Amino acid sequence: MASETLTTSEYIKHHLTNLTFGRLPDGNWVFAHNAEEASSMGFWAFHVDTLGWSLVLGAFFLIVFHRVARNATEGVPSGIQNFAEAVVDFIDTSVRGSFSGRNPLIAPLAFTVFLWVFLMNLMDLVPVDWIPWLMGEHGLGIVHFMKVVPTTDPNATFGMAFGVFFLILFYSIKIKGMGGFAAELTLQPLGKWFLPFNLVLEGVGLIAKPISLSLRLFGNMYAGEMIFILIALMYGASIAVGTFGAILQLSWAIFHILIITLQAFIFMTLTIVYLDMAHQEHH
């Protein structure tokens with residue numbers, strides 16, 4: 001529930017501020033106590049909550065599916081094995097439909113991308129005040145801020161997108177050679193007589209790939225989190241408004257399950273498609 005000691009704008013700002021560790025202008029490395037301190041730490045500050053929850057969810061994913069693989073049995077699967085096999089079949093079908101080359105990395109990469117992004121998105125369904133309250137001054141008193149949805153932080157989405165971008169560059173050069181990659185950027189789509197124009201078009205298209213990957217995921221998840229925060233503010237009003245807020249929260253959470261899954265699927269599909277394009281040779 002919204003804190004009684006915060007104004008509406010302060011409440012929203014508090015929930016949208018990351019737990020930041022960095023160096024202040026005076027040279028001290030500390031956790032930021034407010035948004036102004038976090039901003040003054042500059043580019044090399046660490047969003048500890050984003051990094052922490054990303055690693056925890058990644059470790060959870062690895063541990064669960066490692067146990068499933070180790071304990072897999074023949075015959076009709078049940079429980080978590082049934083779910084794991086369904087996910088594997090779904091991703092295998094997606095890879096076969098979108099990737100025309102041969103690369104043993106693509107299916108495991110798509111599997112990891114989909115489930116990791118899905119788990120990070122899934123944190124958006126945790127009520128916005130529970131974990132910040134538990135970790136904050138009214139609970140354990142450990143931290144001042146705590147954002148639990150890593151994909152609402154552009155640092156996380158850009159980090160994943162740049163990882164895919166580096167793979168695109170690597171396989172473009174590996175498959176086509178440096179000369180072939182350079183020719184692709186300068187000779188298409190209009191031929192050698194329009195080399196500068198081709199370079200601008202292809203360069204913009206290449207750079208747009210990580211930007212589209214990161215901003216699409218960030219924008220959708222950030223908007224969803226903002227709606228949950230605005231609904232949470234209704235609990236601080238009257239009983240009637242709070243009851244209406246509870247109905248809205250349940251309705252939005254049910255609808256948001258679709259958004260969470262869809263955004264993970266889109267990120268995975270675009271990753272596969274971009275890598276498929278990197279494997280295609282143009283003559």
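The values are calculated or read from the model by the stated rules, or taken from the named source; none is laboratory data. All values reported here derive from a predicted model rather than from experimental measurement. We place every Cβ from the backbone using ideal geometry, glycine too, and count neighbours over all the protein chains shown.
Assorted remarks:
- Candidate set from the stretch 184-212 (those that are more than 30 Å from THR50 (Cβ to Cβ) and in contact (Cβ under 8 Å) with a residue 24 or more places away in the chain); member that is surrounded by the most Cβ atoms within 10 Å (Cβ to Cβ): GLU184
- Taken over the stretch 82-102, the criterion of being closer than 23 Å to GLU281 by Cβ and either without any contact (Cβ under 8 Å) to a residue 40 or more places away in the chain or surrounded by fewer than 17 Cβ atoms within 10 Å (Cβ to Cβ) (or both) is satisfied by ARG96, GLY97, SER100, GLY101, ARG102.
- Scanning the stretch 247-261 for residues that are of a type in the set (A, V, I, L, M) and surrounded by fewer than 13 Cβ atoms within 10 Å (Cβ to Cβ) yields ILE247, LEU250, ILE254, LEU258.
- Selection from the stretch 147-163 of residues that are crowded, with 21+ Cβ neighbours inside 10 Å and among the polar types (S, T, N, Q): THR151, THR152, THR157
- Qualifying residue in the stretch 220-233 (condition: buried (at least 16 other Cβ atoms within 10 Å of the Cβ) and among the hydroxyl-bearing types (Ser, Thr, Tyr)): yes
The rows are residues; the columns are (1) of a type in the set (A, V, I, L, M); (2) under 15 Å from MET221 (Cα atoms).
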position: VAL117; (1), (2): yes, yes
position: MET120; (1), (2): yes, yes
position: MET123; (1), (2): yes, yes
position: VAL126; (1), (2): yes, yes
position: LEU134; (1), (2): yes, no
position: VAL143; (1), (2): yes, no
position: THR151; (1), (2): no, yes
position: ASN155; (1), (2): no, yes
position: PHE170; (1), (2): no, no
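- Of all residues in the stretch 40-59 being in contact with a helix residue (DSSP H, G or I) (Cβ under 7 Å, 6 or more places away or on another chain) and of a type in the set (A, V, I, L, M, F, W, C), the one that is surrounded by the most Cβ atoms within 10 Å (Cβ to Cβ): TRP53
- The stretch 30-56, residues that are in contact with a Phe, Trp or Tyr (Cβ under 7 Å, 6 or more places away or on another chain) and over 18 Å from PHE158 (Cβ atoms): PHE31
- Some residue of the stretch 141-154 being assigned to a helix (DSSP H, G or I) and hydrophobic (A, V, I, L, M, F, W, C): no
- Residue selected from the stretch 7-39 under the condition in contact with a strand residue (DSSP E or B) (Cβ under 8 Å, 6 or more places away or on another chain) and at pLDDT below 90, by the criterion surrounded by the fewest Cβ atoms within 10 Å (Cβ to Cβ): GLU37
- Residue within the stretch 191-202 that is under 27 Å from the mean Cα position of the chain (by Cα), part of a helix (DSSP H, G or I), under 27 Å from LEU105 (Cα atoms) and acidic (Asp, Glu) present: yes
- GLY79 being loosely packed, with under 15 Cβ neighbours inside 10 Å, over 20 Å from the mean Cα position of the chain (by Cα), under 24 Å from SER172 (Cβ atoms) and modelled with pLDDT under 90: no
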